[in-house]
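**Student:** This is the structure I want to talk about, given as structure tokens.
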Amino acid sequence: GAISAGVVYIVGGGILSTPLLTEEGHSWFQQSPLWYWVEFGGAVALLMGLVGLYLYLRRSPRFGWLGTVAFYILIVLVAYEAILPLMGFASESGARWLDSTFGAPQALGKIFATLLFGIAILRAGTLPRAGAWIMIIAVLVFLGTIVSFIVGANGSITTWSLPVASMLYGLGLVFLGYGVWTHRSDPVQPPARPAPVT
């Protein structure tokens, strides 16, 4: 799941969304109907990937409540990402309203939750640390994009930084998904519990 989601972010959100721009300021890919399907498929794959990562990471006591809270926040926010393109098929105006109303809080919430999740992965120490660091860098680039948009920076910054952030996010997911895949033969264990105090 995480590897598939990573590929979608790298190809769909990154490579195909780089500035081969039209006059409206969006890539040809983002203007095609295929964009909705890629957004939906990427969100569903990310949901499955997050569940797989969580089920593996919760074995580590160091993953703790921080990772668990971040996981549940991400599940809710990524589910929103899956609903939005479906809404676009049913009612484009409804999708625009939904995005304008909840888009900014969802994006900021996903940045915050991903930072927490990345920190929890680093604390757990059971998956490639590079994957967690790349994800953290990706959401910081995305946060910088939001800030630059608010302060009215040059439009070319957001034009390039969003695809770069997406590619980095996808690369981090691929690293983490590969880490879980290499441990697929490990016996399933219940979540680790701290030893009782004597």
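The values are calculated or read from the model by the stated rules, or taken from the named source; none is laboratory data. Keep in mind it's a predicted model, so treat the numbers as computed, not measured. Here Cβ is always computed from backbone atoms with ideal geometry, including for glycine, and neighbour counts include all displayed protein chains. For accessibility, only protein heavy atoms count, side chains too; no ligands or nucleic acids. Shrake-Rupley method; radii C 1.70, N 1.55, O 1.52, S 1.80 Å.
Each row is one residue, and each column tells you yes or no for (1) out of contact with any Gly (no Cβ under 6 Å at 6 or more places or on another chain); (2) at pLDDT 70 or above.
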residue	(1), (2)
P19	yes, no
S32	yes, no
W37	yes, yes
G41	yes, yes
L47	yes, yes
G52	no, yes
R58	yes, yes
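**Student:** Something else now. Please determine, by comparing only the residues of the range 119-135 that are in contact (Cβ under 8 Å) with a residue 24 or more places away in the chain and open to solvent by less than 40 Å² (accessible area, probe 1.4 Å), which one is nearest to F175 (Cα to Cα). Show your work before the answer.
**Tutor:** Quick first cut of the range 119-135, residues in contact (Cβ under 8 Å) with a residue 24 or more places away in the chain only: 119-121, 123-128, 130-135.
Next, only the ones that are open to solvent by less than 40 Å² (accessible area, probe 1.4 Å) stay: 120-121, 124, 127, 131-132, 134-135.
Numbers: A120: 16, I121: 12, A124: 15, L127: 8, G131: 5, A132: 8, I134: 9, M135: 10 Å.
By that ranking, first place goes to G131.
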